[in-house]
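Comments concern the structure below.
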Ligand code: ATP
Ligand code: MG
Ligand code: MG
Ligand code: MG
């Protein structure tokens, strides 16, 4: 394949786009790989689409190799299946809901458990049909609280999602293990560093879930790891509260969080352990968070943040019920001298939609307080309370979660905290969806048994961003060969017709050998601009045909290492292959 810069639909930009927060977003936009079309929505341009398809190809090859079969669902889905599992409501504000002309409810699929369950129910009825693993590579829609970092967190993005169906637990274990192995191969081939972390507390029992986190400071997940190999998403670590803390009727405050986090169960368990009489049940659209108050004298007390009463009511709705004068919005915590500063650590910061978390303090449960609400920035103070209690609020409200140096739950040494971005997620769903949607098959004895399921996701568009982010340098993008939009960036410099002829025939030779060549054949562009573009665009090998041609040599440069060599024209193709 020969891509000519003279006609390629590409404009590289000199300046960083104003909205680009992270290097990958900046470089993908400047390099003409993507264009923003909507908040959290991106158009793939020719070079970007080639990268995307390369990532997609790797994912598809590994899914096919493990025996999963590809299908493709619509993104526009009816309400009923999601109503049956409760997710129509539980998904909360993250779900794009819409109506057709007859007034029927639809949604844009955020993930497809329901549809896959119904598909298998539709066609299969016997244990002999199982196991089966199905997957799709498909556009997903989530009205994320804060779309950010370009392709990292879109509202429309591409996911490979697969679902396994088994008759029994052993079968599910095997399907899960097969997916885990395939994910290891996928991320190895993509050249992405990853840590496999537990995504669910072992103490919660039941289902097993692991995430493939790519360690990066721009990630929104916080995980812990020990030298002994323990690794868990902080969301999953259940030992969040020192058990020695006495509870003497401290207040409740409120936190609203986005749905779809496994944390709820953990936090509810902790809350119940601390306050056995409280009867915390949690709600899937809300989260109870336990923090401690650390007083200046060193004593600590727990503070439960959760919604009393109707736990289905989310904080935004509560807020809407209040007269505006009662609600004091804040964005800058430091601007409230009468508020006591608080801090909630990664237990909250690691949660989904963390940047959109809103906090309310209820005057009914914290006497003397006012309603306050605000959205936090990751890593910043996220919790304030109005003073006026009969005990000192001068202490720092600390996160009651794992701190660096704490022992790992499995005893494998001190924990360190790190940030990461979730690239993949494997999950033993068990029978939840099959039960809700009545997916049963006949077993060997002719008895109906409920199928057990797993669900497995890879962020395909997010992977493009992560690869760009982890490989770039100060000059621009640096694609690994498997993912690069072209194998070679061939630059012809100067005005000499002989140069362009030699470059053209080298391009043809490389294409004939099976390579994709991005050929900078632009006649009136200076060498400086061409080299800058080649560095920005990031093909793994840059070949320059220019002045050296008179002496019979061209230059071959490795984009990643910067290593250059002069090669005889006759040996050029061999040097590149
Ligand atoms: P996150 O914790 O980053 O919000 P998630 O846990 O909500 O992700 P899953 O529902 O597990 O995501 O979806 C599977 C995969 O889809 C994730 O591992 C991630 O790679 C990708 N993904 C999820 N949300 C987005 C998004 N908004 N933009 C791009 N990719 C996403
Ligand atoms: Mg999410
Ligand atoms: Mg997650
Ligand atoms: Mg996940």
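The values are calculated or read from the model by the stated rules, or taken from the named source; none is laboratory data. These numbers were taken from a predicted model, which means no experiment stands behind them. Virtual Cβ from ideal backbone geometry, glycine too; neighbours counted across all protein chains shown.
Below, the figures for the structure above:
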item: Residue identified as in a strand (DSSP E or B) and either over 20 Å from the mean Cα position of the chain (by Cα) or crowded, with 18+ Cβ neighbours inside 10 Å (or both) among 159, 115; result: 159
item: Checking residue 211 against (1) under 30 Å from residue 64 (Cβ atoms); (2) out of contact with any helix residue (DSSP H, G or I) (no Cβ under 7 Å at 6 or more places or on another chain); (3) crowded, with 22+ Cβ neighbours inside 10 Å; (4) at pLDDT below 85, the condition it does not meet; result: (4)
item: Number of the condition not met by residue 184 [criteria: (1) farther than 30 Å from residue 438 by Cα; (2) crowded, with 16+ Cβ neighbours inside 10 Å; (3) at pLDDT 95 or above; (4) away from ligand 4 (no atom under 16 Å from the Cβ)]; result: (2)
item: Residues of region 429-472 classified as in a loop (DSSP other than H, G, I, E, B) and within 25 Å of residue 41 (Cα to Cα), total; result: 1
item: Near pairs, Cβ below 6 angstrom, 6+ apart or cross-chain, from region 507-524 (touching a residue at least 60 places away in the same chain (Cβ under 8 Å)) to any residue that is exposed (fewer than 14 other Cβ atoms within 10 Å of the Cβ); result: 513/577; 516/1; 521/6; 522/6
item: Residue in region 23-34 that is more than 19 Å from residue 472 (Cα to Cα) and touching a strand residue (DSSP E or B) at 6+ places or on another chain (Cβ under 7 Å) present; result: no
item: Top-ranked residue of region 109-142 - restricted to ones that are within 16 Å of ligand 3 (Cβ to nearest atom) and in contact with a helix residue (DSSP H, G or I) (Cβ under 8 Å, 6 or more places away or on another chain), ranked as farthest from residue 169 (Cα to Cα); result: 142
item: Residue in region 515-525 that is over 22 Å from residue 43 (Cα atoms), modelled with pLDDT under 95 and in a helix (DSSP H, G or I) present; result: no
item: Flag if residue 108 is more than 16 Å from ligand 4 (Cβ to nearest atom), closer than 21 Å to residue 147 by Cβ and more than 21 Å from the chain's Cα centre (by Cα); result: no
item: Check on residue 415, closer than 30 Å to residue 467 by Cα, at pLDDT 70 or above and either within 16 Å of ligand 3 (Cβ to nearest atom) or touching a strand residue (DSSP E or B) at 6+ places or on another chain (Cβ under 7 Å) (or both); result: yes
